[in-house]
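The structure appears right after this line, and notes come after that.
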Amino acid sequence: MAPDPWFSTYDSTCQIAQEIAEKIQQRNQYERNGKNTTKLTVTIRALLQKLKEKIALLKDLLLRAVSTHQITQLEGDRRQNLLDDLVTRERLLLASFKKEGAEPEPIRSSLMTGGAKRAVPNPWLFEEPEETRGLGFDEIRQQQQKIIQEQDAGLDALSSIISRQKQMGQEIGNELDEQNEIIDDLANLVENTNEKLRTETRRVTLVDRKSTSCAIKVERCIEVKYRCKASPPNLFFFFLSAFFFPK
């Protein structure tokens, strides 16, 4: 996995800041011992300028990474906190170089105890954040990469959940479409059945009317027959023909 350019730049910037703190401490020792500090002063000025440029580069890289969504907002906030800490320490180092403020406690205590040969406490760890206190640059980078991986895993899980919910929504939508089609088919079937019922009802009504009319005619025929019993047969058929086949 390729190293993150922001953390690579951050590591080199931290090393420059640490070197500046050590050079300032060395210059102050030279001044107390009456030694020439011109060379150290020039070196410190150059390192301070380099530190300023590195911090500007870190700001630019962070802004680009956040604006192009290369990192999450949470990771952007973490890097911004580290960057703010760098800017604060740059001001402290510059003030210490110009002797505008007291030296950091680790430097002052080391000088007062005459610990020239002792391991000098790293002034860069002054007011170190709790989550990175006591960690080296590589360990800090690994910690940040682990956090990023955990965030990516969480985002992947969230994306998977959203995808499943979207799929469920699509399936529910498909089922609703199928149910609507079934309802439409049932409505058409009911309408067709009603139409058939209306047609059959009209037919039954017509047959009933015809049956009634036929029955009336038969009754009249019977009545005519009884009336014409005493009449000649020709007269009966005359009335019957006149009834069924009127002119």
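Couple of notes before you dig in:
- ³J(HN,Hα), Karplus 6.51/-1.76/1.60, whole Hz, each residue of the stretch 159-172, x for Gly, Pro: 4, 5, 4, 5, 5, 5, 5, 5, 5, 4, x, 5, 5, 4
- Fewest-first sequence of Leu48, Leu93, Leu186 by Cβ atoms within 10 Å of each Cβ: Leu186, Leu48, Leu93
- Relative contact order, percent, the stretch 1-85 [alpha-carbon distance under 8 Å, six or more residues apart]: 31 percent
- Here the simple spin-label model places points 7 Å from the Cα toward Cβ, and for Lys98 and Lys166 these points are separated by 5.5 nm.
- The ranking of Lys54, Lys99 by Cβ neighbour count inside 10 Å, starting from the fewest, reads Lys99, Lys54.
FYI, it's all coordinate maths here, none of it is from the lab. Every value quoted in this text rests on a predicted model; they were computed, and no experiment measured them. With ideal geometry, Cβ positions are generated from the backbone for all residues, glycine too; neighbour counts draw on all protein chains shown.
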